[in-house]
Amino acid sequence: MTVAEYMDPARFPLTTQGNLDPEKQMLVDAMNFDDLARMEEEGRPLTGDLVQRAAELREKHAARAEVAAELKATS
């Protein structure tokens, strides 16, 4: 996944904030991913839009290393 794909609000409408740069977006996503993972580990059910947010964050999390490498290469 490219940085542009990672930051695409059409692809990730619930987890992409248009006012953040990619590094900050990745940080917010990582914190939210951890929070939702903790909820699931505690047996708390994800309801409503949290189900879709979790799906978006899992997809972003899987691409984290690839996106970070692109950011590093362009900085």
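The values are calculated or read from the model by the stated rules, or taken from the named source; none is laboratory data. Not measured: the values here are computed from a predicted model. Backbone-built Cβ (ideal geometry, glycine too); neighbour counts: all protein chains shown.
Note on the stretch 24-58: residues that are within 16 Å of Glu5 (Cα to Cα), surrounded by 15 or more Cβ atoms within 10 Å (Cβ to Cβ) and not aliphatic (A, V, I, L, M) amount to 3.
Looking at this structure, is Leu20 in contact with a helix residue (DSSP H, G or I) (Cβ under 6 Å, 6 or more places away or on another chain), surrounded by 12 or more Cβ atoms within 10 Å (Cβ to Cβ), modelled with pLDDT of 95 or more and not hydroxyl-bearing (Ser, Thr, Tyr)? Here the answer is no, as Leu20 does not meet what is asked.
Remark: pairs (first residue in the stretch 10-35, within 13 Å of Arg53 (Cα to Cα) and without any contact (Cβ under 8 Å) to a residue 40 or more places away in the chain; second residue among the basic types (Lys, Arg) and surrounded by 14 or more Cβ atoms within 10 Å (Cβ to Cβ); Cβ separation under 8 Å; 6+ apart in sequence or on different chains) = Asp29/Lys60; Ala30/Arg64; Asn32/Arg53; Phe33/Lys60. On the given criteria, is Pro9 in contact with a Gly (Cβ under 7 Å, 6 or more places away or on another chain) and loosely packed, with under 15 Cβ neighbours inside 10 Å? Yes; evaluated as a whole, the condition is true for this residue. Of everything listed in (1) of a type in the set (S, T, N, Q); (2) in contact with an Asp or Glu (Cβ under 9 Å, 6 or more places away or on another chain); (3) loosely packed, with under 14 Cβ neighbours inside 10 Å, the single unmet condition for Thr74 is (2). Those helices (runs of 4 or more DSSP H) of the stretch 3-75 in which 2 or more residues are of a type in the set (Gly, Ala, Ser) occupy 22-41, 49-62, 64-74.
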